Amino acid sequence: MITHVRQGPNILPLELKDINFEARGQRLIKDMNCAFSTKRRNVIIGPNGAGKSLLLRLCHGLLKPSTGSIEWSGAGANKGREYITHQQAMVFQRPVMLRRSVSGNIDYALALKGVTPSQRREITDNVLQRAGLRRLADQPARVLSGGEQQRLALARVWALSPEVLFLDEPTANLDPSATHAVEEIIQAIHETGTCIIMTSHDLGQARRLADEVLFLHRGRLLERAPTEQFFDNPQNDLAQAFVKGELLWWNRGRDNRKPPKENN
Amino acid sequence: MTDFSDAFGSAFSLVATFDSALVEIVGLSLKVSLTAVFFAALIGLPIGAAVALFRFPGRSILTVFLSALMGLPPVVVGLIVYLLLSRAGPFGVFGLLYSPTAMVIAQVLLITPIVAALTREVIEEMWNEYEEQLRSLGAGPARALPTLLWDGRFSLITTILAGFGRASAEVGAVMIVGGNIDHVTRVMTTTIALEVSKGDLALALGLGIILIALSIGINGAAFLIRRMAEQKYG
Ligand SMILES: Nc1ncnc2c1ncn2[C@@H]1O[C@H](COP(=O)(O)OP(=O)(O)OP(=O)(O)O)[C@@H](O)[C@H]1O
Ligand SMILES: [Mg+2]
C-alpha cells in the first residue's frame, strides 16, 4: 500500500489557450487550444516530429510558450509554484537516472518532495516491490537494462503519486512483455486517481489505455475524441490516414506550413 | 658519461634507502600540494558548478576568464603572492613570506582556476543531460548543484588530480614565495633547480624520478577510478 497518498487541493484542470511555440524561427506548436481534467487518460498520437514531446514539456512547465497561456485552474493552483511542480511528474522518452542505487534514485525524488526519511524508505520498498524491481534495489541504477530503467522511471513517479503524470513514449524500445508490465503500472497509477497524459506510437496501446485520443500533426491538434470514436470514425482525414497506417513520412513536405496532400 | 651513470646510481640508492634529506623534501612537497589541492577543491568545485548551472549577466565572460586563468604562469602568481605577503604588502603583518603557508597560498591561487574550469565543463555537460529530469522532480539549479557534484564525483576526482599534478610539478611560484630555504621551504621542484645549478645531480635525479613516478601514479589512478566507476555505476 502506498502510504504517501496525495493530499491537498487539485491543480487540474489544465487549460491551454492559443499556444504557439517557436524555436529558431520555426513555429513548432501552432494555435493549440485544449484542456485536461481530473483522472482522465489522454493519449497523444501523431507522426514523428509532430510536436508530441514538445506539447508534454509545455504542459509540464519545462518550456514556456512563445504566445498563449497554459494555466492550472484548480484550487491548488493558488498554492504556489512548488506545490504545482510537485503535483506533477514526468517520465521522459529517455529517463535520466542518477549515479546511485535503484532505491537511492527513488529516495532522492521523494526527498525533493519533502517526504520524511522513514516514509521514504517505506514508499520506496513498496513501489520497488510493485514494479518488480525489488531484487535490483541495491544495484546502481545506470547499469540496468533499458526496460528495467523504464520500469524504474515509472516506479519513481509512482512513489511521487502525482495528480498529473506525463509519459513520453513509455514503452518505446520495450519488448512485448515489458510493454505489458509498463502498461499495467500505468493503469495502477491511474487507479490511484492520477490523470495520465502520454504519447505513444503504438495504436494498440492507445486503444488499450486511452479514454481520449489527441491527434497531432505538424504542431497542430487536428482531432481529439473519446478513444472508440476516434478509432472507429476519425473526423479528420489526416487522422483517418494515420489510423489506417497510410500517412507516410514523406508526406511531410518542405513547406511545413501548409497541410500535406493526402496520400493515395 | 660515467658522471652521469654515477649520478643515476646514487639517485636510485637515495630513493631506495629512503634518504632522510630526500624524504623530508618529498614530505614537505606532498604536504604543501595536498593542502593546496584541498582548498582549491573546496573553492573551485562549487564555483565551477555554479558557473555551469546559474544564468547571470557576465556569465560567458567569467567562463572565458576562468579558462584563461588556467594558463596563468606560475611565476606571475608567485610574484603576486610575493607582493601581497611581503613586509610592505597588505598582508605583510602576518609574516607569511618564505613559509610553507605562503607556498600553499600560491598553489591554491594557481590551481583553483584549473579545478573550477574543469568542474564547469563536467557539470555543464551533466546539466545538459539532467536538467529536464531534475527540474521535473522539483530541483532547480541551486538544489541540483550538490546533486551534480556528487553524481559527477568520479570525473571530478580526475579534475582534482589534475590540479594536484600541476601543483606538485610547479616550480616558479613556490620558489619566489618560499625562497627554497633548507629544511623549511625546500620542495622537490625547487631542490631540483638548485641542485642542478650546483652541479649535484644525484639528489636532483632522485627527486626527478619520484616526480615522474608521482605523475604516472596520478594519471594511472585517474584512469583506474574512471574505468572502475564506469563499470560499477554506468
Ligand atoms: N529545442 C528545439 N529547437 C528547435 N527545434 C526543436 C526543438 N525541440 C524540438 N524541435 C523540433 O520540433 C519538432 C517536434 O519535436 P517533438 O520532439 O515534439 O516531436 P515528437 O512528436 O515528439 O516526435 P517523435 O515521435 O519523434 O518523438 C521536431 O521537428 C523537432 O526537430
Ligand atoms: Mg517525442
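Just so it is clear, none of the values below were taken in a lab; they were calculated from the coordinates. Here the structure is a predicted model, which means the values were calculated and not measured. Reconstructed Cβ throughout: ideal geometry from the backbone, glycine too, with neighbour counts over all protein chains shown.
As a summary of the residue check, A:LEU62 satisfies the conditions (1) within 12 Å of another protein chain (Cβ to nearest Cβ); (2) closer than 16 Å to A:PRO13 by Cβ; (3) in contact with a helix residue (DSSP H, G or I) (Cβ under 8 Å, 6 or more places away or on another chain) except for the one numbered (2).
Of the candidates A:GLU122, A:GLU71, the single residue that is away from chain B (no Cβ under 14 Å) and within 19 Å of the chain's Cα centre (by Cα) is A:GLU71. Selection of region A:125-147 for residues being surrounded by fewer than 20 Cβ atoms within 10 Å (Cβ to Cβ), among the small types (Gly, Ala, Ser) and away from chain B (no Cβ under 14 Å) yields A:GLY132, A:ALA137, A:GLY147. Where helices (runs of 4 or more DSSP H) fall entirely within region B:131-226, those with at least 2 residues that are away from chain A (no Cβ under 14 Å) are at B:153-169, B:172-178, B:188-198. Scanning region A:74-94 for residues that are in contact (Cβ under 8 Å) with a residue 60 or more places away in the chain, within 7 Å of another protein chain (Cβ to nearest Cβ) and more than 12 Å from the chain's Cα centre (by Cα) turns up just one, A:HIS86.
Kindly list, by first and then second residue, each pair from a residue in region A:152-178 that is more than 21 Å from A:ASN126 (Cβ to Cβ) to a residue that is within 16 Å of ligand 1 (Cβ to nearest atom) and among the hydroxyl-bearing types (Ser, Thr, Tyr), limited to pairs with Cβ atoms under 6 Å and residues at least 6 apart or on different chains. Here the result reads A:ASP168/A:SER53; A:ASP168/A:THR199; A:GLU169/A:THR199, each pair linking region A:152-178 to a residue that is within 16 Å of ligand 1 (Cβ to nearest atom) and among the hydroxyl-bearing types (Ser, Thr, Tyr). In region A:44-60, the residues that are in a loop (DSSP other than H, G, I, E, B) reach residues that are near ligand 2 (Cβ under 8 Å from one of its atoms) with C-beta atoms within less than 6 angstrom, at least six apart or across chains, in these pairs: A:GLY46/A:LYS52. Return the residue satisfying two criteria in turn: it lies in region A:181-201 and is within 12 Å of A:PRO170 (Cα to Cα) and of a type in the set (S, T, N, Q), and of such residues it is surrounded by the fewest Cβ atoms within 10 Å (Cβ to Cβ). Per the stated criteria, the residue is A:SER200. Scanning region A:148-194 for residues that are within 14 Å of chain B (Cβ to nearest Cβ) and within 16 Å of ligand 2 (Cβ to nearest atom) returns A:GLN150, A:ALA153, A:PHE166, A:LEU167, A:ASP168. Mind listing just one residue for me: the one in region A:157-174 that is within 16 Å of ligand 1 (Cβ to nearest atom) and part of a strand (DSSP E or B) and, of those, farthest from the chain's Cα centre (by Cα)? Among those residues, the one meeting the criterion is A:ASP168.
If the condition is being without any contact (Cβ under 8 Å) to a residue 60 or more places away in the chain and among the β-branched types (Val, Ile, Thr), then region B:1-56 contributes B:THR2, B:THR17, B:VAL23.
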